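Input: a single structure, listed below in structure tokens.
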Amino acid sequence: MKNRLITTMTVLFLAIVSSVAQTKSFKGTVIDHKDGQPVIGASVIVTDAKGKTITGVSTDLDGVFSINIPETGKEIKVSSVGYLDYVVPARPASGAKIYLEQDSQTLDAVVVTALGITREAKSLNYSRQSVDASSMNEIKASDFVASLSGKVAGVSVTPSGVSNGTSRVVIRGTSSLTENSMPVFVIDGMVIENQPGDSGVGVDGGSGSLDMGNPAADINPDDIESVEVLKGPNAAALYGSRAANGVILITTKKARGLNKVNFSYNGNFQFETINQLLEYQNGWGTGENNFKLENSTYTLPQDSRRTNETIPDLTGYNDKAGAKLRSWGAPLWDQPIIGHDGSRTTHSAHPDNVRDFYSMAHKYSNSFTIDGGSRENNYRLSYTNVSSNSVVHGNNESAKNVFNVRLFNTVFKWLTLDSKLTYTREVVKNRQYLNGSNRNPIYAFVTLPRDITVEMMKHYKDEDGKEMIPIGERGYNPYWNIYENTNSDIRDRVTGSAIMEAKIAKGLVAQAKAGIDYYGWTGTEFSNMGARSDLDGGMMNWSTRYLSDEFSGHLRYDHSFDKILSINALLGVSTYYRTTEKLTQEITSLLVPGFKNISNSGEYPIATQTISEKRINSLYGSVSFGLFNWLFIDATARNDWSSTLPAVNCSYFYPSVGASFIFSDAFKIDRNVISFGKIRASYAYAGADTSPYRTGQTFSYSGIYNGQPLQGISTTLNNPELKPEQTRSLEVGTEVNFLNNRLGFDVTYYNSKSYDLITSVTLSTSSGYSKRYMNAGRIDNKGFEFVINANPVSTRNFKWNLTTNYSQNRSNVVKVSDESSSVAILTSSNVSINLEEGRPYGVMRGRDVKRDEAGRMIVDADGKPLVTDNLQELGVVEPKWTGSLINSFKIYGVSVNFQIDARVGGVLYSGTWNRATTAGVVADTYAGREEYYLSSIILGESAKKASFGYQWDDAVFEDGSKCEMFVNPRYKVGSWDSRCVFDASYVKLREVSIGYAIPKKLLSKTPLNSIKFSLVGRNLAILYQNTPKGIDPESAVSSGNAQGIEYGGMPPVANVGFDLKVSF
């Protein structure tokens, strides 16, 4: 028995020794050759002689792995998405460093496409472009939408000119006359609300004069994993009518699933200052007609007040409505006066009075993340706090909190559930009013006289609570706007989605998805009594409730037959529902000043309630065939049924077809010559419905008569025969990479035709209506997009990556309507933006000076320019081309990135310049004023016999004789609009970052995994512009289709700060 036991133990010992002797290990670290950072989650497998996988592991957060090599192991293969595979013999090693090379073909090997489906990038037959999510997270813009500027060819982003206001984003030109032209935003497969209100700015909330910002601004950059831009209907056909203008496809971060709890922190702290201001004159003070300060008297209007002192008194100048407070007054010669606020001072210039109004603003963001679990079951929790304000003191004071939860569960081996919930709460005080609104403080400061200080303006009301020193004939004192015309709002938003996916059989997957987007928004606007322009004051409470939900399901089949034939097919259904309800209570006079309560009035509050509903049901499908992995043929089809269209026209069908040919693989071209080459083409239809309640007449509240409520109908006649808008789009392109993917080109040509466009057509007044909605318009857009990706230098310690984006869009308004060949879509005074048949989208018209056949300006007998009787064309808003240059450098452990954006062509009308010049505050109005003052005031000469003043370079009288007389310098800033129209071209230094990541070996003995610190800047300089200094060529009064006009917008601002990322 004893001998048998000894024999058994000996056999077991020898077996164990033999097993150990046959098992070897390979330990190492996988590193990105491009930036030296560890590759997390890389796959490391051991294969046998037949290439069959024996065992495998994944790298951890440090890129480290350890794998046992069985006796039958022949090779070790290391792979990760976006890198070339690395294969080594299966030999034991310890401390090995494996550097993976990035490859532009494999970098995009698997990308997210429509409906969240992943596909090989080379199989796609349409243009798509990725955005570097890490740069958007590091150099944070005012909101997510603004951060897209310059990142993608063919994507135009226009800021509103209001701090934290609505940014407009359009892909490949405007495609509708009156409907929205913005792309749809999709987060993890869920379409989110980002539509502006009917006014073209903000969403349904407030009085319509406030810029409520983009709903897409709620997207938290810290939670974004990747951003894909699907351009036009060819790429977004499966999303239906909501995506006719393209898709911004956002994928958020998931847990890393490394069986480890991970913590991370990201702090971003930026400071905003004014980058440019108008160039002001400092020689002339308040007044209208060169008033004089002489012998202790001051020529003032007859109702001006005087003190017992024998010095001029300006306190009465602005007492009555109609006073304009312009700067065409007496010279600023430092004489003693009683100032506008009643204090004794001197009649002197204050060169920095406008700059002193602005202060340094901030935007602080703190984000905390924790994730953990395995690849099968994991979680990610994040919390972000953002606080910000404006360079205008007291405006746009915002506090935002974002909570995000994402869970991934493997219910069974064949069934998974991916769910996400985001809650956002934002509290804002004093949102800035729109450009051109007299409640916008900046609007008033445009014409601030040179002899008034900011401290003087701060005395904005007297002991009786009445406004002091209002600026302009209908303006407010800016500080009255800040402290007495106030507003506040609170928005609570919940977005969520749940995606269940079941693997029914090999290659066959079923998916069910549910999503919700809800926000409740409440706010108050208050105007205190006592203002010159609004003595009685007023107040409005409002609340908006928005809810959209979407349910969809599809079957997806994906199978490959020995690399000869592959099939990818999908069939799905969806239903989308949206409802909006808005309630308002308004009073138009107050009883007690400063009391913010809707009962503070002698009148009943005016209450309104508006409800809007919309539903779209859809059936869709797609099929893709791949031959030999180098020829791919796709077809999609979708049918939508929309509740906003009449029953006879509510159904609309739109298909698409496309193909891509990988000629570099088909012809087996040497990768050293052409690393990758593809030709693609696609043709697609897209449909779009309209806003609710345009097919039948609706009634609205029209006041009270004899104690009874009145109902009224709109003066616009709705149409029970409306049809969906349609777009046909052709796209062809090629992608070619050279020098082992060190240099790549992506060229695209597109041609789209949008027809049956809905517009409001003018009717005869005898009909009882002014307009009617009809399918009448057509707009064509065609253009080129050119993208260059290059890696000019790539060594171990120095790397340089470069991306260039170029796009050119040419629009053509083929038809406006049967009744008219043109329509104005935006007006400002006498300037209008028009749609005219046969012309590009957005023709600007306004008044110009009269000229003779030789082009010389015609003036009247006093030398004042004559203005045209009819509106003249002043230019086209559409630019000739836009582009950007994005550079990224890595020098040892230091990273340097910068982006330059450019726009060439297009025009901008500046209402700011019109007001500033008319008020005589800018340096451009200085020429000739001293001479004219000598002539008219000192010498007392008449305008026609002036010996000094301003002379026109080339002007004639109506009889054709040359005008050589000296004229009033104010004639330079007359009522013709062309003098305020400028070329809107610019070159901007959009983004800069300089970062340093502490080497991991220095952190090896600490609980920290990584630390990166970066200096960041955004909109640091306008390198080239044709607009006057202080007027941003990107500024606009609207986020709607009509562009090309700015009026009292925010001066150019620059943001600088730092970003800190820590993980452990």
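Residues that are among the aromatic types (Phe, Trp, Tyr), modelled with pLDDT of 90 or more and more than 27 Å from the chain's Cα centre (by Cα): list the strands (runs of 3 or more DSSP E) wholly contained in segment 333-449 that include at least 2 such residues.
Counting at least 2 such residues, we get 397-412.
Given the criterion touching a residue at least 60 places away in the same chain (Cβ under 8 Å) and touching a Ser or Thr at 6+ places or on another chain (Cβ under 9 Å), identify the matching residue among Pro1033, Pro999.
Pro1033
Let's see how each residue does on (1) within 24 Å of Phe368 (Cβ to Cβ); (2) among the aromatic types (Phe, Trp, Tyr):
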{"position": "Trp976", "(1), (2)": "no, yes"}
{"position": "Val981", "(1), (2)": "no, no"}
{"position": "Leu1003", "(1), (2)": "yes, no"}
{"position": "Asn1026", "(1), (2)": "no, no"}
{"position": "Glu1046", "(1), (2)": "no, no"}
{"position": "Gly1057", "(1), (2)": "yes, no"}
{"position": "Ser1063", "(1), (2)": "yes, no"}
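Pro1051: modelled with pLDDT of 90 or more, surrounded by fewer than 21 Cβ atoms within 10 Å (Cβ to Cβ) and assigned to a loop (DSSP other than H, G, I, E, B), yes or no?
In short, no.
If you take the residues in segment 69-97 that are part of a strand (DSSP E or B) and either hydrophobic (A, V, I, L, M, F, W, C) or touching a Phe, Trp or Tyr at 6+ places or on another chain (Cβ under 7 Å) (or both), which one is farthest from Lys50 (Cα to Cα)?
Looking at the filtered set, the residue picked out is Ala96.
Among the residues of segment 350-394, which ones are out of contact with any Pro (no Cβ under 6 Å at 6 or more places or on another chain), among the β-branched types (Val, Ile, Thr) and crowded, with 17+ Cβ neighbours inside 10 Å?
The answer is Val354, Thr369, Thr384, Val386, Val391.
From the set of residues in segment 558-567 that are out of contact with any His (no Cβ under 6 Å at 6 or more places or on another chain) and surrounded by fewer than 16 Cβ atoms within 10 Å (Cβ to Cβ), which is farthest from Ile633 (Cα to Cα)?
Residue satisfying both the conditions and the ranking: Asp562.
Looking at (1) at pLDDT 75 or above; (2) assigned to a loop (DSSP other than H, G, I, E, B), which is the one condition that is false for Val169?
If we test Val169 against (1) at pLDDT 75 or above; (2) assigned to a loop (DSSP other than H, G, I, E, B), just (2) comes out false.
Going through segment 129-151 one residue at a time, which ones are assigned to a loop (DSSP other than H, G, I, E, B) and of a type in the set (S, T, N, Q)?
Ser142, Ser149
Could you grab me the full set of residues in segment 952-973 that are at pLDDT below 90 and either surrounded by fewer than 16 Cβ atoms within 10 Å (Cβ to Cβ) or acidic (Asp, Glu) (or both)?
Asp953, Asp954, Glu964
Residue-wise test of (1) of a type in the set (Lys, Arg); (2) crowded, with 19+ Cβ neighbours inside 10 Å.
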{"site": "Asn672", "(1), (2)": "no, no"}
{"site": "Ser675", "(1), (2)": "no, yes"}
{"site": "Ala686", "(1), (2)": "no, yes"}
{"site": "Arg694", "(1), (2)": "yes, yes"}
{"site": "Thr698", "(1), (2)": "no, no"}
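Check off (1) surrounded by 17 or more Cβ atoms within 10 Å (Cβ to Cβ); (2) assigned to a strand (DSSP E or B) for Asp665 and give me the number that stays unchecked.
(2)
Kindly indicate which of Asn259, Asn234, Asn214 is within 22 Å of the chain's Cα centre (by Cα) and of a type outside the set (Phe, Trp, Tyr).
Just one listed residue meets the conditions, Asn214.
For (1) assigned by TED's automatic domain parsing to the domain that holds Leu730; (2) over 27 Å from Ser390 (Cβ atoms); (3) in a helix (DSSP H, G or I); (4) modelled with pLDDT under 75, each residue gets a yes or a no:
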site	(1), (2), (3), (4)
Ala216	yes, no, yes, no
Glu225	yes, yes, no, no
Val229	yes, yes, no, no
Pro233	yes, yes, yes, no
Leu238	yes, yes, yes, no
Asn245	yes, yes, no, no
Lys254	yes, yes, no, no
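Yes or no, residue by residue, for (1) closer than 30 Å to Leu631 by Cα; (2) modelled with pLDDT under 85; (3) surrounded by 15 or more Cβ atoms within 10 Å (Cβ to Cβ); (4) among the charged types (D, E, K, R):
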residue: Val78; (1), (2), (3), (4): yes, no, yes, no
residue: Leu107; (1), (2), (3), (4): yes, yes, yes, no
residue: Gly116; (1), (2), (3), (4): yes, yes, yes, no
residue: Lys122; (1), (2), (3), (4): yes, yes, yes, yes
residue: Met136; (1), (2), (3), (4): no, yes, yes, no
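Which of the residues that make up segment 963-1004 are over 36 Å from the mean Cα position of the chain (by Cα) and part of a helix (DSSP H, G or I)?
Of everything in segment 963-1004, those that are over 36 Å from the mean Cα position of the chain (by Cα) and part of a helix (DSSP H, G or I) turn out to be Pro969, Arg970, Tyr971, Lys972, Lys1000, Lys1001, Leu1002, Leu1003.
Scan Asp634, Asp670, Asp640 and give me the residue that is outside any strand (DSSP E or B) and assigned by TED's automatic domain parsing to the domain that holds Ala569.
Asp670
Which of the residues that make up segment 613-666 are among the β-branched types (Val, Ile, Thr) and in contact with a strand residue (DSSP E or B) (Cβ under 6 Å, 6 or more places away or on another chain)?
Residues satisfying the conditions are Ile616, Val623, Ile633, Thr636, Thr644, Val657, Ile662.
For the structure I just gave you, tell me whether Tyr1024 is of a type in the set (Phe, Trp, Tyr), farther than 25 Å from Val922 by Cβ and out of contact with any Leu (no Cβ under 9 Å at 6 or more places or on another chain).
no
Scan segment 1005-1027 for residues that are of a type in the set (S, T, N, Q) and in a loop (DSSP other than H, G, I, E, B) and jot them down.
Within segment 1005-1027, Thr1006, Asn1009, Asn1026, Thr1027 qualify.
Kindly state which strands (runs of 3 or more DSSP E) lie completely within segment 707-771 and contain at least 2 residues that are assigned by TED's automatic domain parsing to the domain that holds Gly240, buried (at least 19 other Cβ atoms within 10 Å of the Cβ) and at pLDDT 85 or above.
Counting at least 2 such residues, we get 725-738, 743-762.
If you check Thr716 against the conditions, is it in contact with a Ser or Thr (Cβ under 7 Å, 6 or more places away or on another chain) and of a type in the set (Val, Ile, Thr)?
yes
Table: residues versus (1) of a type in the set (A, V, I, L, M); (2) crowded, with 18+ Cβ neighbours inside 10 Å; (3) assigned to a loop (DSSP other than H, G, I, E, B).
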residue: Gly523; (1), (2), (3): no, yes, no
residue: Phe526; (1), (2), (3): no, yes, no
residue: Asp536; (1), (2), (3): no, no, yes
residue: Met540; (1), (2), (3): yes, yes, no
residue: Ser548; (1), (2), (3): no, yes, no
residue: Ser552; (1), (2), (3): no, yes, no
residue: Ala569; (1), (2), (3): yes, no, no
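How many of the residues in segment 927-949 are at pLDDT 75 or above, under 29 Å from Glu853 (Cα atoms) and surrounded by fewer than 19 Cβ atoms within 10 Å (Cβ to Cβ)?
Of the residues in that region, 1 qualify.
The values are calculated or read from the model by the stated rules, or taken from the named source; none is laboratory data. As the structure is a computational prediction, the values presented were derived from the model and not from experiment. FYI the Cβ positions are ideal-geometry reconstructions off the backbone, even for glycines, and counts take in every protein chain you see.
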